[in-house]
Amino acid sequence: MPAKDIFHDIVRLALEKDGWRITNDPLYIKIGKTEMYIDLAAERLIAAQKGEQKIAVEIKSFLRESEMTEFHLALGQFLNYRLALKQKLPDIVLYLAIPTDIHNTLFSRQFIQDAIQEYQVKLLVFDDNTQEIVLWKN
């Protein structure tokens with residue numbers, strides 16, 4: 001099983017504060033001989049629709065020296081996980097969780113914004129100090 005991201009527990013707590021119930025920590029998916037572990041899966045009851053909203057969350061800290069290398073790795077992982085979910089658990093929507101400082105710096109660059117839009121990456125932005133979700137970007 002892969003190591004947890006440094007912000008794993010913070011994002012888990014932020015989701016719980018936001019009304020989500022953690023269903024998998026991590027979410028294991030196997031397709032053929034390929035095994036994958038997405039950091040978290042959660043669900044929440046939607047009263048108006050009388051159904052459940054299900055999400056998976058991949059958490060990234062972007063703490064390595066090269067932010068662009070981190071972005072390339074995160075994007076590739078996100079796209080592979082989204083494909084795996086589409087094949088095995090199509091009712092689960094994948095989000096990439098990033099801290100506010102990365103959202104306000106790296107993710108404010110035009111090229112990064114273009115890539116996020118092009119590849120339809122859904123973002124969950126969290127504040128690691130308050131341990132709360134500050135933004136959902138669809």
- State which residue is surrounded by the most Cβ atoms within 10 Å (Cβ to Cβ) when the search covers only the range 33-67 and only residues that are modelled with pLDDT of 95 or more and farther than 22 Å from VAL134 by Cα. MET36
- Task: Considering only the range 90-115, state which residues are over 13 Å from SER61 (Cβ atoms), of a type in the set (A, V, I, L, M) and touching a strand residue (DSSP E or B) at 6+ places or on another chain (Cβ under 7 Å).
- Result: ILE92, VAL93, LEU94
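Test LEU79 against the criterion of being on the phi < 0 side of the Ramachandran plot, out of contact with any strand residue (DSSP E or B) (no Cβ under 9 Å at 6 or more places or on another chain), surrounded by 12 or more Cβ atoms within 10 Å (Cβ to Cβ) and modelled with pLDDT under 95, and give yes or no.
no
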- Task: Give the residues of the range 60-89 that are assigned to a helix (DSSP H, G or I), in contact (Cβ under 8 Å) with a residue 40 or more places away in the chain and under 19 Å from ASP5 (Cβ atoms), sorted by residue number.
- Result: PHE71, LEU75, PHE78, LEU79, ASN80, TYR81, ALA84, LEU85
- State the number of residues belonging to the range 90-114 that are in contact (Cβ under 8 Å) with a residue 12 or more places away in the chain and over 23 Å from ASP5 (Cα atoms). 1
- Item | Positions within the range 23-32 being open to solvent by 20 Å² or more (accessible area, probe 1.4 Å), of a type outside the set (Lys, Arg) and over 15 Å from ASP5 (Cβ atoms), in sequence order | THR23, ASN24, TYR28, ILE31, GLY32
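The values are calculated or read from the model by the stated rules, or taken from the named source; none is laboratory data. Fair warning: this is a prediction, and the values are worked out from it, not measured in the lab. Every residue, glycine among them, receives a Cβ derived from its backbone with ideal geometry; neighbour counts consider all protein chains shown. When the accessible area is computed, the model is the full protein with side chains, heavy atoms only, and any ligands, DNA or RNA have been set aside. Shrake-Rupley method; radii C 1.70, N 1.55, O 1.52, S 1.80 Å.
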